[in-house]
Every structure is written in C-alpha cells, then in structure tokens.
Amino acid sequence: RQKPVGWDKAIPDLSDAREERTLELSAIYEPVQEDLDKVEDKLKSVSQVDFPYLSELLNYSLQSNGKRIRPALTLLSGKFYNYDLNYLLPMATAAEVLHTATLIHDDAIDNSPMRRGRPTVYKLWGEEQAILLGDYLFAEAGALTATTQNLRVIKLFADTLKAISSGELNQAFN
C-alpha cells in the first residue's frame, strides 16, 4: 500500500523525544529538597559517636557523594499519604544508611579498591573494619526504622535485610 501524501508531516518528529522528557534530579527532588537537607543533617548525626575511630569511618562512608535517590523516593512516597516527618525522616535516613551498608559489604566481598571515584572503606581500613562498619550501619538503619514504631515497617525492614543477606550468601556459594 502506498502511504498518503503528507503523512510524514502529520506525525510529529519524535527523534528528540527522549531528550525532551528527561528531567534533572533537582526537578524531581524539588518538592522534598528542604527535607532531603534534613536527611543530610541526620546522616551527619549518625557519625557523632563517642568512639573516634568509628566516627571517622562513619564520616567517610556517609559523606554526600551519592544521588540520595532512596531518601528522595521515601520522602516523595510520603507525599501520597500522610507526610509526617517524624516518621519519614528516620525512614528516609534508614534507607540511605542501609544502602551504604550494602555497598561497604559489597566492596569488602568483591575486594573493590574504588567506588564513586574514591577509595573504599575496604581499601583504606581493611576487610574486617569494612565488614564491621557495614554491620554497624545495618544496626543503625534498624534503630532508625524502629523509631517509626510501626511494626509493619519494622518487619518489612527486617525481611529486606534478610533478603539482602541471603542473596549475598547465595552468591558466595554459587
């Protein structure tokens, strides 16, 4: 069949559509940016511990060098329901702390010297310190989650941690 004359003029050129639909993270984060800054403050407070060596490790690992997608998604999800920072702030922080713990463990397991253009905790302080720091961060994320006082959320967090750990064990044995 022949195409009607002028058919190509009726259909818009979509060759650049992908570029037109691309949003900057700052535009996505805009509705919760002020609260993301509070997450950063909360992450800094996680590093304030009495043990200077642990504080150094925490400061290094929790420095803002990522996109903070998990806390942003947590806060943005809260916009669909009851946006209560008493619950969302610790949960958004817990999501980032949990993610950081998994990265630290992954780097130690994989003997990775670099992540995001920086030496890993594993490379700078060693495998034992990296694993123990990851464990500490898992516990900190659990403590932050517990502040929600929501048993469903706490159980889901525990199930998530079990799934992560069993997945890593499965990978180690296969």
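Could you list, in sequence order, the residues of segment 26-70 that are free of Cβ contacts under 8 Å to residues at least 24 places away in the same chain, of a type in the set (Ser, Thr, Tyr) and either open to solvent by less than 70 Å² (accessible area, probe 1.4 Å) or on the phi > 0 side of the Ramachandran plot (or both)? Those that are free of Cβ contacts under 8 Å to residues at least 24 places away in the same chain, of a type in the set (Ser, Thr, Tyr) and either open to solvent by less than 70 Å² (accessible area, probe 1.4 Å) or on the phi > 0 side of the Ramachandran plot (or both): Ser45, Ser47, Ser55. When the residues of segment 71-86 are filtered to those that are hydrophobic (A, V, I, L, M, F, W, C) and assigned to a helix (DSSP H, G or I), the one that is most open to solvent (accessible area, probe 1.4 Å) is Leu73.
Look at segment 128-148: where a residue is more than 13 Å from Ala95 (Cβ to Cβ) and a partner is hydroxyl-bearing (Ser, Thr, Tyr) and assigned to a helix (DSSP H, G or I), sitting 6+ places away or on another chain with Cβ atoms under 7 Å, you get Ala130/Tyr122; Leu133/Ser61. Counting only helices (runs of 4 or more DSSP H) that fall entirely inside segment 95-174 and contain at least 1 residues that are surrounded by fewer than 12 Cβ atoms within 10 Å (Cβ to Cβ), the qualifying elements are 127-146, 151-173. Determine, yes or no, whether Asn111 is of a type outside the set (Ser, Thr, Tyr) and on the phi > 0 side of the Ramachandran plot. It is true that Asn111 is of a type outside the set (Ser, Thr, Tyr) and on the phi > 0 side of the Ramachandran plot.
Restricted to segment 123-154, and to residues there that are of a type in the set (S, T, N, Q) and touching a helix residue (DSSP H, G or I) at 6+ places or on another chain (Cβ under 6 Å), the residue that is farthest from Leu54 (Cα to Cα) is Thr148.
The values are calculated or read from the model by the stated rules, or taken from the named source; none is laboratory data. Computed from a prediction, not measured in an experiment: that's the story for all the values here. Neighbour counts are summed over all protein chains in view; Cβ atoms, including those assigned to glycine, are modelled from backbone coordinates with ideal geometry. Note: areas computed on protein heavy atoms with side chains; ligands, DNA, RNA excluded. Shrake-Rupley method; radii C 1.70, N 1.55, O 1.52, S 1.80 Å.
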